[in-house]
Amino acid sequence: MANGSAARRELRADRPELSPPAVLEGQATIFEIERDRRPLAGALLPAPLPPVKALLTDFARYTSENRWHQKVHEPMARVLRVAATWLGAGTVFREDDLRAMHRVFGGTGRIRGLLAFLNQREQLVTSPPRRNRHETFVQRTIAAFPPRISDELGTWVGVLRGASRPHHRVTDYATMRRYLIYLAAPLADWTTRYTTLRQVTEADVTAAVTAVKGPRAHERAVAIRSLFRALKHTKLVFADPTRGVRVTRQELLPTTLAPDRLAGLLETSSKPATRLVLALVALHATTGSDLRNLVLCDVLLTRRQLLIRRPHGRHVVHLDNTTDDLLHAWLRYRHQRWPRTVNAHLLVTRQTASATDPVSAAYVYRRFDPAGLTLRAVRADRILDEARETEDPVHLVRVFGISITTAMKYIHAAHPHRARPVPR
């Protein structure tokens, strides 16, 4: 042991106390190339310069104030140390470089906390926004078709994205991805027989729609109708082969949950965030999007209200005693756990506390897994329970902020006699 300690002291004595950065300040870049950062993973780091030490100290203070776990702090600190030693502590770091080093080092968790720290110090160049994964799927799927049909599908995508109809609502890529999934079988069949979608007839469309049953037939009909209406709008087809196709959608009425399944719902978790989510859905029928998009300025504590902002308008939730107590408990926990978070959303997690993003949809929906329920089922049960107490759809609209069409669906489910045709 003595010999080993002496050897380590000699090794430290041989290492220089200060080491210059590998890249000189002001050094120009001739051209960009993807770097191989794998040798950095096991490299012995030199002694850091005083500016690098100061930067690491500030980062340690930042992580301590935000209550980071040590297992999250250590890989982030190593990435920062390597980058600062390589480029200098006073430089502006590129997000792509930090993410690449984080992947090479095999760090756990997300790097957004380190990015938020550097962004606050104005030492970060953010990467250009990545292409949406749904957009990538759409472009890749369209490119796999023969050239002429691929061009026609590209025109359809352009129309849905507002290229030729600037005053119409833009369709998101997630919807177009579903359309392409519904169109997969018909397009595969038409591609083997035709060289252009102009050759598709009404009989082809009818055969494609009737090949499936139930909701799938309606979904396929909607996708085919969207495709050919766009091609007709751009005058790529002379006649719309979907004009004579009619598919009635089977409307499923909401169903109620057994009382024993809802009993003790709040007791399935002791976490303040989970209990608040369960109460807001089970008592006030909020949606997953409502919960994700709530921000602190929408919480009106003195009035015991929540302001929910939806695309079609605003809805005010009047809190009962139970939900109000759970809201206060969550706000206290949130302040104690992340006192310096910059995230303005009501719900935050360890991953989003150091950023400004809302929690993921999966986070909200998983709150109901321990009870063996789903958010949609609990929400539908709450609205249906209210519909049994009244036959007035306007009351449901005011209480839950739903549309009159949705309210009538719940009224018909709770009071079947209301669904009968009105006598003339």
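The values are calculated or read from the model by the stated rules, or taken from the named source; none is laboratory data. Note that this is a predicted model, so its numbers are computed, not measured. Please note: Cβ atoms are built from the backbone with ideal geometry, for glycine as well, and neighbour counts cover all protein chains shown.
Assuming Ala116 fulfils every condition listed in (1) surrounded by fewer than 15 Cβ atoms within 10 Å (Cβ to Cβ); (2) under 23 Å from the mean Cα position of the chain (by Cα); (3) closer than 30 Å to Val79 by Cα apart from one, which condition is it?
(1)
When the residues of region 60-83 are filtered to those that are touching a residue at least 40 places away in the same chain (Cβ under 8 Å) and surrounded by 15 or more Cβ atoms within 10 Å (Cβ to Cβ), which remaining residue is nearest to Asn343 (Cα to Cα)?
Here the answer is Asn66.
Filter region 238-254 down to the residues that are over 14 Å from Ala203 (Cα atoms) and at pLDDT 85 or above and list them by number.
If the condition is that a residue be over 14 Å from Ala203 (Cα atoms) and at pLDDT 85 or above, then Phe238 is the only one that fits.
All but one of (1) surrounded by fewer than 17 Cβ atoms within 10 Å (Cβ to Cβ); (2) farther than 30 Å from Tyr179 by Cα; (3) modelled with pLDDT of 85 or more hold for Ser127, so report the exception by its number.
Every condition holds for Ser127 apart from (3).
Yes/no matrix, rows are residues, columns are (1) among the hydrophobic types (A, V, I, L, M, F, W, C); (2) free of Cβ contacts under 8 Å to residues at least 24 places away in the same chain:
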residue	(1), (2)
Tyr333	no, no
Gln336	no, yes
Leu346	yes, no
Pro370	no, no
Arg382	no, no
Glu389	no, yes
Asp392	no, yes
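Just name the residue that is nearest to the chain's Cα centre (by Cα) out of those in region 135-151 that are more than 18 Å from Tyr173 (Cβ to Cβ) and in a helix (DSSP H, G or I).
Asp151
Can you name every residue in region 192-214 that is loosely packed, with under 12 Cβ neighbours inside 10 Å and assigned to a helix (DSSP H, G or I)?
Hits for region 192-214 are Thr192, Arg193, Ala203.
If we scan region 150-171, do we find a residue that is outside the structural domain of Ile111 (by TED's automatic domain parsing), of a type in the set (Val, Ile, Thr), more than 30 Å from Thr91 (Cα to Cα) and touching a Gly at 6+ places or on another chain (Cβ under 7 Å)?
Among the residues of region 150-171, at least one is outside the structural domain of Ile111 (by TED's automatic domain parsing), of a type in the set (Val, Ile, Thr), more than 30 Å from Thr91 (Cα to Cα) and touching a Gly at 6+ places or on another chain (Cβ under 7 Å), which makes the answer yes.
Check region 297-305 and report whether any residue there is under 22 Å from the mean Cα position of the chain (by Cα), assigned by TED's automatic domain parsing to the domain that holds Ala263 and surrounded by 20 or more Cβ atoms within 10 Å (Cβ to Cβ).
No, because not a single residue in region 297-305 is under 22 Å from the mean Cα position of the chain (by Cα), assigned by TED's automatic domain parsing to the domain that holds Ala263 and surrounded by 20 or more Cβ atoms within 10 Å (Cβ to Cβ).
Return the only residue of Val277, Val200 being among the aliphatic types (A, V, I, L, M) and farther than 30 Å from Ser150 by Cβ.
Val277
Confirm whether Thr201 is among the β-branched types (Val, Ile, Thr) and more than 30 Å from the chain's Cα centre (by Cα).
Yes: the conditions hold for Thr201.
Is region 168-188 home to any residue that is modelled with pLDDT under 95, of a type in the set (Lys, Arg) and not in a helix (DSSP H, G or I)?
Yes, that holds for at least one residue.
Which condition number in (1) more than 30 Å from Phe228 (Cα to Cα); (2) at pLDDT 80 or above; (3) part of a helix (DSSP H, G or I) is the one that Ala89 fails?
Failing condition for Ala89: (3).
Please count how many residues of region 313-354 are within 15 Å of Leu300 (Cα to Cα), buried (at least 16 other Cβ atoms within 10 Å of the Cβ) and of a type in the set (Lys, Arg).
Result for region 313-354: 0.
Checking the condition surrounded by 12 or more Cβ atoms within 10 Å (Cβ to Cβ) and assigned to a helix (DSSP H, G or I), which residue from Asp369, Asp357, Asp385 passes?
Selected residue: Asp385, the only one of Asp369, Asp357, Asp385 that is surrounded by 12 or more Cβ atoms within 10 Å (Cβ to Cβ) and assigned to a helix (DSSP H, G or I).
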